[in-house]
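Data first, discussion second: the structure below is written as structure tokens.
Coordinate-derived values only; no laboratory data. Just so it is clear, the model here is predicted, and its values are computed rather than measured. Glycine also receives a Cβ, built like all others from the backbone with ideal geometry; neighbour counts cover every protein chain displayed.
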Amino acid sequence: MIGKILIVDDVSTNRIVFKVKLTAAGYQTLMAVDGESCVRMALAELPDIILLDLFLPDRSGIEVLRALKAHPQTRRIPVVMFSSEADATMRQAALRAGAEDFLARPIDDQTLMARLRGLLRAREHLAGISAPERDLQVLGLAEPSQRFEMPGQVALVMPKGEAALRLKRGLSAVGHDRVQLMAADEVHSDQMGAAPDVYLLHADLSGPGGGLRMMSELLSRSATRHAAFCIYNPEVAQTVAATAFDLGAHDVVDAATPLAEIALRLRALVKHKREGDRMRASVQDGLRMAVFDSLTGLHNRRYGTAQLTAIADRARTEGSEFAVMVVDIDRFKAVNDRWGHATGDAVLIEVAARLSNSLRATDLLARVGGEEFLIALPDTALGDAQLVAERLCRVIEGAPVVTAEGVRVAVTISIGMTTGGSAPSDPVSVTELVAQADRALMHSKTHGRNQVTIVRKAA
């Protein structure tokens, strides 16, 4: 089965017709006869899509829709409402309450199936983003951002003429979003700046099917692939709608669709698009926090340990040598005690920057403790590594750290160092290498600080 669909209709023949068509297409179907059973079944089964009749015996379909969208477990389930008696006001009320679409009976089978396929693709894509976001939230690495109802950017791409201007003026008058009229060549231009949230594309732009071809091209571009796409069909033709949905359109409107309804559909597309943007950003931020230290911008212990293991594995494979250093800021507690933690943070940031600027791009630098850093130098013999370590001490000692308040703090570092490689006589693990460097660091700290101590063999 390729998806689970809940059919909600109090007329048994209607449910059976839906069930036969959807089962033949490979869907698993569930059925409910009223609003109460719909909500109960949606919570128990978590279907992929809900087909919801506008008129139910116990309450209106819109009331049921609001209940579904208000519950955290069901709010992201796409709901397609349908009826043979709905007027424009009812359709708009359903869209305003959160319906992904409203289909008028009799429903064209080809359009229905294409619409369902499109909704399932969008749901699977969103699920792919939300899964890592949930994992990061459990770890405390992803925090929900503030949501503002800012106007969206809608690109109205139509043949130039009075009809396009009337549509732009009408949507600007009744809608919440900013509408920009664009020509086809402007859409393809690299100078257009940030991509709009939604493209409203004329189906026959620059010839029959031109808008659909443009949509396919925009979906393949990195700058526009996350935009939402709505096809404007100048005629009422179900075949265009079905083709558009299968090619990736998120919605389809036509010349008979009221302006207020088009505006509502565009607003819904803006919200869905921005929700996807927010989730992608949350995942990226969470992943960054998982491997980077938020204060210094360096990699953290988790990343540092993994990368050191990779460096050691590569050295064994290539028969090369590498150096490992553990670096500690001398008397850092005294800095915090005397000037406060803000000054201590400034010292950490500056030391991290100086260390980073003094190393190669291929070297590893990670903050692994409060004032402790791990450095690994791939393809580096002991003598060269010693020169690097001594230079790092001079770079840190060479000038005081000056804070934004004008406080000047003299800083030095102590370093413990060892080397690893592929020699059979030295099969030392990464954990033991770090332990060796740490013991060497303790020697530097207890014998005057601001110096480098080297351990050549495993203890």
Would you order Asp197, Asp313, Asp246, Asp185 from fewest to most other beta-carbon atoms within 10 Å of each residue's own beta-carbon?
Asp185, Asp313, Asp246, Asp197
Ranked from fewest to most other Cβ atoms within 10 Å of their own Cβ, Asp293, Asp53 fall in the order Asp293, Asp53
Write out the trypsin sites (Lys or Arg not before Pro) in the range 47-129 meeting two conditions: DSSP loop, and at most 16 other Cβ atoms within 10 Å of their Cβ.
Arg59, Arg75, Arg76
Let's see if you can work this out: charge +1 on each Lys and Arg Cβ, -1 on each Asp and Glu Cβ, no other charges. What is the dipole magnitude of the range 162-300 about its Cα centre, in debye to the nearest 20?
360
Contact order normalised by length for the range 340-446, with contacts defined as Cα pairs under 8 Å and 6 or more residues apart; what percent is it?
21
Along the positive direction of the dipole of the chain (beta-carbon charges: Lys, Arg +1; Asp, Glu -1; about the Cα centre), which of Leu218, Leu298, Ile415 reaches farthest?
Ile415
Taking the range 361-459, which trypsin sites (Lys or Arg not before Pro) meet the DSSP loop condition and have no more than 15 other C-beta atoms within 10 Å?
Arg449, Arg456, Lys457
Residue among Ala312, Trp339, Thr239 farthest towards the positive dipole end of the chain, charges placed on Cβ:
Trp339
So for the chain, averaging the separation of alpha carbon pairs under 8 Å that are six or more residues apart and normalising by length, what relative contact order in percent results?
10
Cα gyration tensor of the range 301-455, axes a ≥ b ≥ c as square roots of the eigenvalues: rounded (a/c below 1.5), prolate (a/b > b/c) or oblate?
prolate
Tell me the label only: which of (i) 69, 52, 45; (ii) 100, 51, 37; (iii) 89, 49, 47 is Cα extents along the principal axes in Å as calculated from this structure?
(iii)
Can you give me the long-range amide H partners of Phe229? Hydrogens built in the peptide plane at 1.01 Å from N, cutoff under 5 Å, separation of 5 or more residues or another chain.
Tyr199, His250, Asp251
Would you order Thr224, Thr111 from fewest to most other beta-carbon atoms within 10 Å of each residue's own beta-carbon?
Thr224, Thr111
Amide H contacts under 5 Å for Thr412, placed H, 5+ residues apart
Asp330
The relative contact order of the range 1-107, taking Cα pairs under 8 Å that sit 6 or more residues apart, comes to a percentage of 24
If you fit an axis through the alpha-carbon atoms of helix 162-174 and take the longest principal axis of the Cα set of the chain, what angle between them do you get, 0 to 90°, nearest 10?
70
Given charges of +1 on the Cβ of Lys and Arg and -1 on the Cβ of Asp and Glu, with all other atoms neutral, how large is the dipole of the chain about its Cα centre, in debye to the nearest 20?
500
Count neighbours as other Cβ atoms within 10 Å of each site's Cβ, and list the trypsin sites (Lys or Arg not before Pro) in the range 163-244 that are DSSP loop with at most 13 such neighbours.
Arg221, Arg225
Could you pull out the longest piece of the chain with no exposed loop GluC sites (Glu not before Pro) in it, calling a site exposed if DSSP puts it outside H, G, I, E, B and it has at most 13 other Cβ atoms within 10 Å?
236-404
Nearest-5 percent of antiparallel DSSP beta bridges in the chain?
35
Taking the dipole of the chain about the Cα centre (Lys, Arg +1; Asp, Glu -1; charges at Cβ), the one of Phe55, Pro151, Ala183 that reaches farthest to the positive side is Pro151
Under the rule of at least 5 residues apart or a separate chain, name every residue whose amide H is placed under 5 Å from the amide H of Phe55.
Gly61
If you fit an axis through the alpha-carbon atoms of helix 61-70 and take the longest principal axis of the Cα set of the chain, what angle between them do you get, 0 to 90°, nearest 10?
0
Cα axis of helix 109-138 to longest principal axis of the chain: angle in degrees, 0 to 90, nearest 10?
30
For each pair in Lys21/Lys271; Lys4/Lys271; Lys4/Lys69, compute the distance between the two Cα atoms and list the pairs where it is over 28 Å.
Lys21/Lys271
